[in-house]
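Each value in this text was obtained by applying a stated rule to the coordinates, not by laboratory testing. Keep in mind that this is a model prediction, so the values were computed, not measured. Please note: Cβ atoms are built from the backbone with ideal geometry, for glycine as well, and neighbour counts cover all protein chains shown.
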Amino acid sequence: MDVSTHLKPTGSIVILTGAGISKESGLDTFRCAGGIWDKVDLEDVATPEAFLRNPPLVHRFYNDRRRGLLDPAVQPNAAHAALAELERAWPGDLLLVTQNIDDLHERAGSKKLIHMHGELLKAVCLFCRTVMECRSDLSLEQACPHCGRRNGLRPDVVWFGEMPYEMERIQGELAACDLFVSIGTSGNIYPAAGFVAEARAAGALTVELNLEPSSGASQFREAIHGPATEVVPAFVKTLLALT
Ligand code: BJW
């Protein structure tokens with residue numbers, strides 16, 4: 001692919017990542033065979049109604065995933081590292097938007113980052129809306145350290161039917177970007193699945209980097225298929241050669 005015909009080194013880049021980028025770090029994806037939604041019904045754990053119906057079940061699901069994320073074996077991989085390097089070295093604007101609730105992009109060194117579906121290592125109090133760091137198990141019995149009330153702490157993640165975070169800022173950046181890159185996402189979940197159309201409407205070059213063609217693959221101008229730890233560093237190298 002010759003990105004140099006579409007992109008100047010001062011161009012602005014928006015990158016969207018999904019569960020596939022963290023797969024080779026040891027975290028499960030959602031919709032792959034053997035993935036999270038093969039083990040648990042999303043209606044039981046990833047909706048506000050599920051949390052009202054059975055909060056201990058929802059807490060157990062996220063407590064298990066939080067412990068998994070904090071396992072010392074789970075570390076950022078070469079794809080996370082390449083995106084952090086791109087942010088450091090790219091002369092133009094760059095925004096990384098992740099659907100992932102893990103903290104592997106931060107650990108790799110990314111700074112201009114939006115967690116549109118929230119963060120596993122944060123909790124929010126439903127009563128006073130305080131957001132707090134959370135590195136251990138959550139339960140209904142715990143009192144909010146800010147307002148002191150029990151029964152209100154939940155993981156600070158975005159469930160189905162809830163509004164993803166910072167949508168106005170993301171849409172503003174998509175409307176002004178020259179390159180949109182989607183990495184490791186199946187393209188099934190909106191509004192993230194619609195970002196490629198928004199970037200195309202803004203005249204951006206659109207590129208998909210994924211293990212296999214995603215649900216929205218036909219909307220991208222270019223696609224490179226393979227494991228993130230191989231295709232992302234190679235693509236970043238191509239971009240940095242323009243600088
Ligand atoms: C590799 C790899 C390797 C593997 N290397 N690649 C139409 C328009 C707009 C909205 C809707 C609509 N229809 C329905 C909706 C609503 C709904 C939705 O999209 N539903 C769909 C079922 C259609 N969306 C919402 O409700 C969202 N909110 C919203 O729309 O707000 C507006 C609104 C408000 C109020 C009322 C109505 C509307 C919120 C969505 C929240 C999603 N939350 C989750 C779970 C919470 C966080 C968590 O527990 O982690 O977020 S669902 C889950 O899916 C998680 C992920 O972030 C998200 C996306 O998954 P992702 O990342 O794509 O993972 P996979 O597994 O699907 O794909 C992995 C890919 O990687 C695969 O392609 C592999 O091939 C690849 N891969 N190994 C590279 N080594």
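Taking the mean number of other Cβ atoms within 10 Å as a proxy for protection, how do you rank 16-28, 197-209, 213-225, 39-51 from highest to lowest? All intermediate terms of the calculation are to be shown ahead of the outcome.
Numbers: 16-28: 22.5, 197-209: 20.0, 213-225: 16.7, 39-51: 14.8.
Going from most to least packed, we get 16-28, 197-209, 213-225, 39-51.
Structure shown: which of K8/K112; K39/K122; K23/K111; K122/K237; K23/K237 lie over 30 Å apart, alpha-carbon to alpha-carbon? Walk me through the intermediate numbers first.
Details: K8/K112 20 Å; K39/K122 24 Å; K23/K111 21 Å; K122/K237 33 Å; K23/K237 21 Å.
Result: K122/K237 exceed 30 Å.
How about the chain: what cysteines have no other cysteine beta carbon under 4.7 Å from their own?
Isolated Cys, the chain: C32, C134, C177.
What does the highest-first list of 145-157, 87-99 look like by mean Cβ count within 10 Å? Don't skip to the end; give the middle numbers.
Numbers: 145-157: 16.2, 87-99: 19.2.
My ranking of the peptides, most packed first, is 87-99, 145-157.
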